[in-house]
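The structure appears below as C-alpha cells.
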C-alpha cells in the first residue's frame, strides 16, 4: 500500500517544482532590464523593496535579486518598492513596466473546474482589472489586454489552474 501511495505522489512532485521555478523568475514592477537587476541588486544591503512591500510578495533569490512570489497574494502596484529602491533598479520613471508585471498569465482548461461545469469564480473575484472574463457562469479566460499580471488570481484558484510564462523586460529609455 505504501508503494502505491508513493507512486501516486510522484505525479505531483514535478508540478510543484515547475511552479516554484516559475515563481522565482518574475521581477517586481517598475524594473529596468534584467542586466540591471543582476548588476545592482546583489550589492544592495538594505533590500528595502522587501521590507516596504505591503503584500509581502517580494522575495530575495539566492543570487541577491528580487522576485515576486504569488503563492499567498498579489501586487497592488502601490509604488512603495520603487520609492525605496536606492539603487534605481525599481523606479517610477520606468514607465514600460510600471503598469504591469513581466509575465503573461493563462488558465489551464484541463485543471479549471469552471471549464468542467462547476460554478467557481475564485479567480475573478480578486481581479482588480476585470481581466478574467466568463462565458455565462463557466469557461473563464484571461483578457491579455486588461491583465496587468498582479497575480492575485494565482493564490485564489483552488485547483492551481492559473500559470504564467515570464516575459523579457525590455530596455528602459531614460
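Residue check: residue 132 meets all listed conditions (1) buried (at least 19 other Cβ atoms within 10 Å of the Cβ); (2) under 21 Å from residue 58 (Cβ atoms); (3) modelled with pLDDT of 95 or more but one, namely (2). Selection of the stretch 95-114 for residues being surrounded by 18 or more Cβ atoms within 10 Å (Cβ to Cβ) and more than 19 Å from residue 166 (Cβ to Cβ) yields 112, 114. Here 88, 117 are screened, and the one residue that is in contact with a strand residue (DSSP E or B) (Cβ under 8 Å, 6 or more places away or on another chain) and loosely packed, with under 14 Cβ neighbours inside 10 Å is 117. Checking each residue in the stretch 120-138 for being in a strand (DSSP E or B) and either within 27 Å of residue 53 (Cβ to Cβ) or in contact with a strand residue (DSSP E or B) (Cβ under 9 Å, 6 or more places away or on another chain) (or both) picks out 132, 133, 134, 135.
Looking at (1) out of contact with any strand residue (DSSP E or B) (no Cβ under 7 Å at 6 or more places or on another chain); (2) in a strand (DSSP E or B), can you tell me which one residue 93 breaks? Status for residue 93: all satisfied but (2). May I ask you to verify whether residue 153 is touching a strand residue (DSSP E or B) at 6+ places or on another chain (Cβ under 9 Å), part of a loop (DSSP other than H, G, I, E, B) and either within 27 Å of residue 42 (Cβ to Cβ) or touching a residue at least 40 places away in the same chain (Cβ under 8 Å) (or both)? It is false that residue 153 is touching a strand residue (DSSP E or B) at 6+ places or on another chain (Cβ under 9 Å), part of a loop (DSSP other than H, G, I, E, B) and either within 27 Å of residue 42 (Cβ to Cβ) or touching a residue at least 40 places away in the same chain (Cβ under 8 Å) (or both).
A single entry from 147, 123 fulfils the requirement of being surrounded by 13 or more Cβ atoms within 10 Å (Cβ to Cβ) and touching a helix residue (DSSP H, G or I) at 6+ places or on another chain (Cβ under 7 Å): 123.
Annotation for the stretch 63-75: at least one member residue is out of contact with any strand residue (DSSP E or B) (no Cβ under 6 Å at 6 or more places or on another chain), modelled with pLDDT of 80 or more, surrounded by fewer than 19 Cβ atoms within 10 Å (Cβ to Cβ) and within 27 Å of residue 126 (Cα to Cα). Among the residues of the stretch 9-60, write down those that are assigned to a helix (DSSP H, G or I), at pLDDT below 50 and either out of contact with any strand residue (DSSP E or B) (no Cβ under 9 Å at 6 or more places or on another chain) or surrounded by fewer than 17 Cβ atoms within 10 Å (Cβ to Cβ) (or both). Selection gives 13, 14, 15, 16, 17, 18, 19, 20, 21, 22.
The values are calculated or read from the model by the stated rules, or taken from the named source; none is laboratory data. Every value quoted in this text rests on a predicted model; they were computed, and no experiment measured them. No Cβ is skipped: glycine too gets one built from the backbone with ideal geometry, and neighbour counts run over all protein chains shown.
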